[in-house]
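**Q** I am attaching a structure below and will ask some questions about it afterwards.
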Amino acid sequence: MEITNVETVEFRTHSSVHYSRWGYQYHGAIYETTGTVTRILTDEGVEGVCLGGSKAVNDRWFKPLLVGENPLDREKFWQWMYSLTRWRVSEGEIAVIDMALWDLAGKYFNVPVHKILGGFRDRVKAYASSVPNLGKPEDYAVHAEMCKKQGYKAYKIHPYIFFDPVEWKFCPDTKTFPKQDIEICRAVRERVGEDMVLMFDPWVVGTGGGYTLEEAIWVGRELEELGFYWFEQPLCEDRIEPYAKLCEELQIPVLAPEMSVGSFYTRAEWLARKATDMVRMESSLGGITAVKKCVDVCEAYGVKCELHGGGFGNLQILGATSPKLCEWYERGLLRPKQDYEKPRPPLRKICDPMDSDGNVLIPQTPGLGMEIDWDYIEQNMTKKP
């Protein structure tokens, strides 16, 4: 079997993600945007598919590497592609190709990807992940209670991010509001009781953003008093030493890094430096191959690897790992009056349906489990491939 083509198709779709003056996403009215889907074709008619991908990058860098090769040689391709990051090929672009190759392999062998990886489970505990800037502390408390009634056993707070809760307006991430953030945490804990797991994620983005070390220590100790499970990405990730100091000071597990490039190599360095207690990783940082390597590193160190965000790639990894190693699935971002169960085109079904016990069901169809509406893509194509 040989790869005959790598094809990237652009199409019109819609989104509810908008951007403030300072760059952070918030949710408002639906607007039109452009989506892509990447296909890897073979001479035996089996193909791998993944949403996303850059046509320019795929045509220039990845297509010449892959055409004529055996699509099952995923490790070789990953090593080739990762070497291109020095030429400004991103880990996210590598991830799309890698996941399309895993999708192809699953379809070739007629099994879901997690069975190729080594199956472990068919469902995983989900936590409700709030949108940031949801409102006043009471608004967060009401939303957390609603999620608990829906079956969620855990709730993660994204507090005031790129937002000033005193002036009630957007602001740069160099301004932080730890006291107001903790007011949210107190309100949520009081409303949902002690039996719901709570996490906290102030989501630091810019190099000058996030709490100071002193603020993070204070927030962490407040979270300890409130019985929170983890404290996620509270400091700028460009500097490892403050994280090491934070881990020394706190009992609550610190979960990091989230945004740092360098795939699993970076995570191994953080563990060696004792700069995190639990590792954050995701399939968009190099694909399923990279996450699998990261999970193995975490298992060797005896720490948890909690996957960031949702999606088909993360679900397949979770289907092949023990809950002692990867415990939770992030479902969201959620807000009141949101119909999360409705798929966004071109998907026919959402990737992560949830049962009444708060578990997300891992796809059992061959490959990644994506059900794509190709008619929608054809009708909304921006230009021919």
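The values are calculated or read from the model by the stated rules, or taken from the named source; none is laboratory data. Remember, it's a predicted structure, so these values are computed and weren't measured experimentally. Cβ coordinates were reconstructed from backbone atoms using ideal geometry, including for glycine residues, and neighbour counts include every protein chain displayed. SASA here: full protein model, heavy atoms, side chains in, ligands and nucleic acids out. Shrake-Rupley method; radii C 1.70, N 1.55, O 1.52, S 1.80 Å.
**Q** Viscosity 0.692 mPa s, temperature 37 °C: what is the translational diffusion coefficient of the stretch 250-385 from Stokes-Einstein with a Kirkwood Rh over Cα pairs, rounded to a whole number of µm²/s?
**A** 198 µm²/s
**Q** Taking a ≥ b ≥ c as the square roots of the eigenvalues of the Cα gyration tensor of the stretch 142-196, is the shape rounded (a/c under 1.5), prolate (a/b larger than b/c) or oblate?
**A** Here the stretch 142-196 falls in the prolate category.
**Q** Put W87, W328, W61, W374 in order of accessible area, largest first, 1.4 Å probe: what do you get?
**A** I get W87, W374, W61, W328, largest accessible area first.
**Q** What does the highest-first list of 3-9, 253-259 look like by mean Cβ count within 10 Å?
**A** On the way: 3-9: 19.4, 253-259: 21.7.
The packing order, highest mean first, is 253-259, 3-9.
**Q** Determine the order of L361, L333 by accessible area, beginning with the largest, at a probe radius of 1.4 Å.
**A** L361, L333
**Q** If you don't mind, another one. Given a Förster distance of 25 Å, report the FRET efficiency between E225 and M146 from their Cβ-Cβ distance, rounded to the nearest 0.05.
**A** 0.50
**Q** About its Cα centre, how strong a charge dipole does the stretch 175-293 have in debye, to the nearest 20, once Lys and Arg get +1 and Asp and Glu get -1 at the Cβ?
**A** Charge dipole of the stretch 175-293: 400 debye, to the nearest 20.
**Q** Mind putting a number on the dipole of the stretch 73-157 about its Cα centre? Charges go on the C-beta only, +1 for Lys and Arg and -1 for Asp and Glu, and I need it in Debye to the nearest 20.
**A** Here the size comes out at about 280 debye.
**Q** Separate question: Between the stretch 161-182 and the stretch 211-236, how far is it from one alpha carbon centroid to the other, in angstrom?
**A** Computed from Cα coordinates, the inter-centre distance equals 16 Å.
**Q** Classify the stretch 89-207 as rounded, prolate or oblate, taking a ≥ b ≥ c as the square roots of the eigenvalues of its Cα gyration tensor: rounded when a/c is under 1.5, otherwise prolate if a/b is larger than b/c and oblate if not.
**A** Values: a/c = 3.77, a/b = 1.63, b/c = 2.31.
It comes out oblate by the Cα gyration axes.
**Q** Once you charge only the Cβ atoms, +1 for Lys and Arg and -1 for Asp and Glu, what is the size of the charge dipole of the chain about its Cα centre, to the nearest 20 debye?
**A** Here the chain has a charge dipole of around 360 debye.
**Q** Which of the cysteines found in the chain have nothing to pair with, since no other Cys Cβ lies under 4.7 Å from theirs?
**A** Taking the Cβ cut-off of 4.7 Å, the unpaired cysteines of the chain are C50, C147, C171, C185, C236, C247, C294, C326, C351.
**Q** Can you work out ³J(HN,Hα) from phi for every residue in the stretch 148-162, in order, using Karplus 6.51 cos²θ - 1.76 cosθ + 1.60 and θ = phi - 60°, giving whole Hz and x for Gly and Pro?
**A** Whole-Hz 3J(HN,Hα) from phi for the stretch 148-162: 4, 5, 7, x, 5, 9, 8, 9, 10, 9, 9, x, 7, 10, 6.
**Q** Could you state how much accessible area S90 has, in square angstrom rounded to the nearest 10, with a 1.4 Å probe and all protein chains kept in place?
**A** Taking all protein chains as shown, S90 has close to 50 Å².
**Q** Rounded to the nearest Å, what's the spacing between the alpha carbon centres of the stretch 238-264 and the stretch 72-97? Just the number, please.
**A** 26 Å
**Q** Can you list the HN-Hα couplings for the stretch 65-72, worked out from phi with the Karplus curve (6.51, -1.76, 1.60; θ = phi - 60°), rounded to whole Hz and with x for Gly and Pro?
**A** In residue order, the calculated couplings are 6, 9, 4, x, 9, 6, x, 7 Hz.
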